[in-house]
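J.: Here it is: the structure, laid out below.
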Amino acid sequence: AGTGTRLAVVRYDGEEAEVSGGIKDLTVINTTNSEFWGFPRDDYTTLAETKDRILATAVTAKWKFDQKADWAKAYETARDSLLAAFAETYSYSLQQTLYAMGERVLENVPEIREIRLSLPNKHHYLCDLTPFGRDNPGEVFQVGDRPYGLIQGTVVRED
């Protein structure tokens, strides 16, 4: 359903417990307000530069708590923060969007001390409809089966 799967891990060493939470397979897509250009190129670069693209990914986010928390509320707020940041960020790159998502979670959930994000860049390509005698002025796209970037990063509180 695209809602993601909730994650939780509790480690206990006989004296102290460490709790981590997260979400995986949270599928998101923006059909505008994203671009990617000016990146280094070499003989093997196949990705075309664009100033308007579809940005899609399946978010995996894992976070560590620094204190006891209302786990359900923290999860809901973190998930909502991830979705809002993805939707509201004008994306110059998936890396920039990843940082905005992590930053939003840390702003809205004070119990979370760090968040690790993994975002595979699910490219969408303009379909060639000329074999069917049709023009495609940026309306029909297909999910790419070519190699994609796997963008990963950790956003940590300054303190």
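J.: Only sites in a loop by DSSP and with at most 12 other Cβ atoms within 10 Å count here; which GluC sites (Glu not before Pro) in the stretch 43-101 make the cut?
T.: For GluC sites (Glu not before Pro) across the stretch 43-101 that sit outside H, G, I, E and B with at most 12 neighbouring Cβ atoms in 10 Å, the list reads E49.
J.: Just how much of L126 is accessible, in Å², when a 1.4 Å probe is used and the result is rounded to the nearest 10?
T.: 90 Å²
J.: What whole-number value in Å² describes the accessible area per residue of the stretch 20-159 for a 1.4 Å probe?
T.: 60 Å²
J.: Taking the Cα atoms of the chain, report the difference between the largest and smallest coordinate on each principal axis, in whole Å and largest first.
T.: 69, 34, 26
J.: Something else: Let me know the longest stretch in the chain that avoids all trypsin sites (Lys or Arg not before Pro) found in a DSSP loop with at most 13 other C-beta atoms within 10 Å. Could the numbers behind the result be given before it?
T.: Details: sites that count: R41, K51, K68, R134, R157.
Here the longest segment lacking exposed loop sites spans 69-133.
J.: Report, to the nearest 10°, how far helix 94-108 tilts away from the longest principal axis of the Cα atoms in the chain, using its own Cα long axis and a range of 0 to 90°.
T.: Helix 94-108 and the main axis of the chain meet at about 30 degrees.
J.: Something else: If you keep only loop residues by DSSP, which chymotrypsin sites (Phe, Trp or Tyr not before Pro) in the stretch 11-67 have at most 16 other Cβ atoms within 10 Å of their Cβ?
T.: Those that pass, being in a loop and sparsely packed, are W37, Y44.
J.: Mind scanning K24/K64; K73/K122; K68/K122; K24/K68 and naming the pairs with a C-alpha gap bigger than 24 Å? Display every interim value, and only then the final one.
T.: Details: K24/K64 15 Å; K73/K122 30 Å; K68/K122 36 Å; K24/K68 22 Å.
The answer is K73/K122; K68/K122.
J.: Can you grab the distance from the C-alpha centre of the stretch 33-56 to the C-alpha centre of the stretch 85-159, Å, no decimals?
T.: Distance between centres, Cα-based: 12 Å.
J.: Comparing T97, T130, T89, which has the greatest mean-square fluctuation in the GNM of the chain with Cα pairs linked when under 10 Å apart?
T.: Between T97, T130, T89, it is T130 that shows the largest mean-square fluctuation.
The values are calculated or read from the model by the stated rules, or taken from the named source; none is laboratory data. Keep in mind that what you see is a predicted model, and the values were worked out from it rather than measured. Reconstructed Cβ throughout: ideal geometry from the backbone, glycine too, with neighbour counts over all protein chains shown. Heavy atoms of the whole protein, side chains included, go into the accessibility calculation; ligands, DNA and RNA do not. Shrake-Rupley method; radii C 1.70, N 1.55, O 1.52, S 1.80 Å.
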